[in-house]
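Okay, structure first, notes after.
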Amino acid sequence: MPSTDDLIDTPEQAVPATAKRSRPPVRDTRVTGQPGFVLHSYPYKETSLIVDMFTRDFGRVGVVAKGAKRPLSKLRGVLQTFQPLSLSFSGKSELRTLIDAEWVGGMLPLERTALLCGFYLNELLVKLLARDDKHPALFDHYVSTLNQLAHGEPPPIVLRKFERALLKETGVAADLGRCTTTRGPVDPACDYVVDPEKGAREALPADVWPVVSGKTLLDMEGEDYSDPATQAQSKQLMRFLLAHHLNGAPLNTRQILIDLSQL
């Protein structure tokens, strides 16, 4: 922002040489104490890592963790998935520099199937969230989901709720409670298909998309997965919708979970 003096037409001879060469100060881009989690990391050069972070106020952020692979690096044991961290980083480019990361604690570790479900959540976030898009509500939902998995909540129900929240946060989730053809509320006794771009409509004999009952759609809208039929139909529907929004890109962890009959 120019100062008042910069807006005044000053004669050339009255402007000091140092003033003519001066530039606006660079805005401080350092972020400190940001709540976040490691989504994914991979080696960078000999001793460093590139880490995908999910932060509460900055969304998905990429950072370079310099020297994190060195045996004596403080970051080596801290940059673990599913552990709440306090992050400090700086930079204006898409890839920032990690300054510090501290373990916050307070969450149970994920084990067995819950651990695999956690990797599935992370893969969804990496593939569906754009860098630097803020999603504080989704961040809170992510923390809640990890806690539910760690405390033994049924993974299929927990995952369905998170998948739906993710699509809502990214702006691609249609209203499942309203029919796009009749413009009226969904009838729990009728069968429907869900157009990924438009929403629910009454099912036709020629449809190849997953057919679900109106009750399932209303249950999903109300986050009620107590009915086994709703659980089964919502699984097929969300698999279809996610595949569309991922442009067919495979989800490695989902396939493993399918093979284990847990998803």
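Could you please find all residues in segment 178-198 being touching a Leu at 6+ places or on another chain (Cβ under 7 Å), at pLDDT 95 or above and of a type outside the set (Phe, Trp, Tyr)? Give the derivation first.
Here is the first cut: in segment 178-198, the residues touching a Leu at 6+ places or on another chain (Cβ under 7 Å) are 186, 188, 192, 194, 196.
If we keep only those that are at pLDDT 95 or above as well, we get 186, 188, 192, 194.
Those that are touching a Leu at 6+ places or on another chain (Cβ under 7 Å), at pLDDT 95 or above and of a type outside the set (Phe, Trp, Tyr): Val186, Pro188, Val194.
Within segment 108-129, is even one residue open to solvent by 70 Å² or more (accessible area, probe 1.4 Å) and under 16 Å from the mean Cα position of the chain (by Cα)? Quick ask: steps written out before the conclusion?
Start the filter on segment 108-129 by keeping residues that are open to solvent by 70 Å² or more (accessible area, probe 1.4 Å), which leaves 108-109, 111-112, 119, 127.
Keeping just the survivors that are under 16 Å from the mean Cα position of the chain (by Cα) gives 119, 127.
Looking through segment 108-129, at least one residue is open to solvent by 70 Å² or more (accessible area, probe 1.4 Å) and under 16 Å from the mean Cα position of the chain (by Cα).
Counting only residues that are small (Gly, Ala, Ser) and surrounded by 15 or more Cβ atoms within 10 Å (Cβ to Cβ), which one in segment 68-85 is farthest from the chain's Cα centre (by Cα)?
First pass over segment 68-85, keeping only residues small (Gly, Ala, Ser): 68, 73, 77.
Checking which are surrounded by 15 or more Cβ atoms within 10 Å (Cβ to Cβ) leaves us with 68, 73.
On the way: Ala68: 24, Ser73: 28 Å.
It comes out as Ser73.
I need the full set of residues from segment 126-144 which are within 16 Å of Gln83 (Cα to Cα) and in contact (Cβ under 8 Å) with a residue 12 or more places away in the chain, in order please. Steps first, answer last, please.
Pass one, segment 126-144, residues within 16 Å of Gln83 (Cα to Cα): 139-144.
Phe139, Asp140, His141, Tyr142, Val143, listed by residue number.
Of all residues being part of a loop (DSSP other than H, G, I, E, B) and either without any contact (Cβ under 8 Å) to a residue 24 or more places away in the chain or under 14 Å from Thr180 (Cβ atoms) (or both) in segment 225-243, which is least open to solvent (accessible area, probe 1.4 Å)? Just the residue, please. Before the answer, list the steps.
Going residue by residue through segment 225-243, those that are part of a loop (DSSP other than H, G, I, E, B) are 225-227.
Checking which are either without any contact (Cβ under 8 Å) to a residue 24 or more places away in the chain or under 14 Å from Thr180 (Cβ atoms) (or both) leaves us with 226-227.
Values: Ser226: 89, Asp227: 45 Å².
Only one residue tops the list, namely Asp227.
Restricting to segment 193-224, name every residue that is open to solvent by less than 20 Å² (accessible area, probe 1.4 Å), free of Cβ contacts under 8 Å to residues at least 40 places away in the same chain and among the β-branched types (Val, Ile, Thr).
Selection gives Val193, Val212, Thr216.
State whether one or more residues within segment 49-64 are free of Cβ contacts under 8 Å to residues at least 40 places away in the same chain and not hydrophobic (A, V, I, L, M, F, W, C). Please lay out each step first, then the result.
Here is the first cut: in segment 49-64, the ones free of Cβ contacts under 8 Å to residues at least 40 places away in the same chain are 49, 53, 63-64.
This time we only want the ones that are not hydrophobic (A, V, I, L, M, F, W, C), so: none.
Looking for residues that are free of Cβ contacts under 8 Å to residues at least 40 places away in the same chain and not hydrophobic (A, V, I, L, M, F, W, C), one finds none in segment 49-64, hence no.
The values are calculated or read from the model by the stated rules, or taken from the named source; none is laboratory data. Since the model is a prediction, treat every value here as computed from it, not as a measurement. Note that we place each Cβ from the backbone using ideal geometry, even for glycine, and neighbour counts take in every protein chain shown. Keep in mind that these areas ignore ligands, DNA and RNA; they rest on the heavy atoms of the full protein, side chains included. Shrake-Rupley method; radii C 1.70, N 1.55, O 1.52, S 1.80 Å.
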